[in-house]
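I have placed the structure first, in the form of structure tokens, so that the comments after it can refer back to it.
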Amino acid sequence: MTASTPPVTDSESPRNKYAVPALEKALDVLEYLSEQAVPLTQAQLARALGREPSELFRMLTVLEARGYLRRDDAGGYQLTLKLFELSRTHSPHEQLIDVATPLMRDLVDLARQSCHLSVLHRDKVLVLEQVESPQPVRLSVQIGSLHSPVATVSGQLLLAHLEAGERTELLARQADYLRMGARERQEFNERLERVRADGWAYAEGARFMGGIDLGVPIGSEGARTRAALTIAALKGPDCPDLFDLLPRLQQCAGEITRICGLG
């Protein structure tokens, strides 16, 4: 008669067996701040993470001292670009950034509007690079910031060029997609098909009133690396018709694709 193996309890699971509580707290802080668009105080972080403020004090102090966080005048903490810079040191996107940046500068000199380069990362849109408009009033997107793929032009471009099964799986993990009704989801998926067929995506007021975005994909179908190149502008009397810039935007994306060998 063979003795049965007792089930593994939660306390004996690999995750708990090798848990490092201090490290997990630090990672909880970093991951939560990466999802937020505004600085958060020690008390706000403690509430959000289900911790006591005193538990986070030393953790926040060390992360700030090591340069991973910075604190504003109101005591709110937010991520610096240190994690992003560390990830870039041996990033598969390093060549993409190096090639794209001078070409983006040339495009911005012509368009007089800000331009940013994005990829999908951890189910979010990650901004790899940005060149700001020289105009005194302009849109700016923080390098290293993460955004919804559903609510952004860059995200819709990247979703549109995923394989159908991969796209379905990714959308099933997006809260803003799951909140849609059946008809909204159908319309959204039809939009993605149009974006794929057109080769560009455009939106007005996608994230806030007055913002306009026009983007095109980088990388041909089947390329291992896909990215989005997007012009972001503020609607107003001095803003050009972005569709007049579409050929130049496509030319820039094509040059990046060619030089990086993504064709």
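The values are calculated or read from the model by the stated rules, or taken from the named source; none is laboratory data. No experiment lies behind these values; they were computed from the predicted model shown. Please note: Cβ atoms are built from the backbone with ideal geometry, for glycine as well, and neighbour counts cover all protein chains shown. Heads up: the accessible areas ignore ligands, DNA and RNA and are worked out on the full protein's heavy atoms, side chains in. Shrake-Rupley method; radii C 1.70, N 1.55, O 1.52, S 1.80 Å.
A count restricted to region 101-155 and to residues that are within 28 Å of Ala175 (Cβ to Cβ) and of a type in the set (S, T, N, Q) stands at 9. Taking region 32-52 as the range and being surrounded by fewer than 16 Cβ atoms within 10 Å (Cβ to Cβ), more than 14 Å from Leu63 (Cβ to Cβ) and either touching a helix residue (DSSP H, G or I) at 6+ places or on another chain (Cβ under 7 Å) or hydrophobic (A, V, I, L, M, F, W, C) (or both) as the test, the residues that pass are Ala37, Val38, Ala43, Ala48, Glu52. Scanning region 217-234 for residues that are surrounded by fewer than 24 Cβ atoms within 10 Å (Cβ to Cβ) and of a type outside the set (Ser, Thr, Tyr) yields Gly219, Glu221, Gly222, Ala223, Arg224, Arg226, Leu234. Cβ-Cβ distances below 6 Å connect no pair with a first residue in region 103-122 that is assigned by the TED database to the domain that holds Arg226 and of a type in the set (D, E, K, R), a second residue that is surrounded by 13 or more Cβ atoms within 10 Å (Cβ to Cβ) and assigned to a helix (DSSP H, G or I), and a separation of six or more residues or different chains. Kindly establish whether Leu27 is of a type outside the set (S, T, N, Q) and in contact (Cβ under 8 Å) with a residue 24 or more places away in the chain. Spelling it out, it is not the case that Leu27 is of a type outside the set (S, T, N, Q) and in contact (Cβ under 8 Å) with a residue 24 or more places away in the chain. Filtering Glu255, Glu204 for residues that are more than 18 Å from the chain's Cα centre (by Cα), of a type outside the set (Val, Ile, Thr) and under 23 Å from Pro136 (Cβ atoms) leaves a single hit, Glu204.
Mind checking whether some residue in region 141-157 is in contact with a strand residue (DSSP E or B) (Cβ under 7 Å, 6 or more places away or on another chain), assigned to a strand (DSSP E or B), open to solvent by 20 Å² or more (accessible area, probe 1.4 Å) and not β-branched (Val, Ile, Thr)? Looking for residues that are in contact with a strand residue (DSSP E or B) (Cβ under 7 Å, 6 or more places away or on another chain), assigned to a strand (DSSP E or B), open to solvent by 20 Å² or more (accessible area, probe 1.4 Å) and not β-branched (Val, Ile, Thr), one finds at least one in region 141-157, hence yes.
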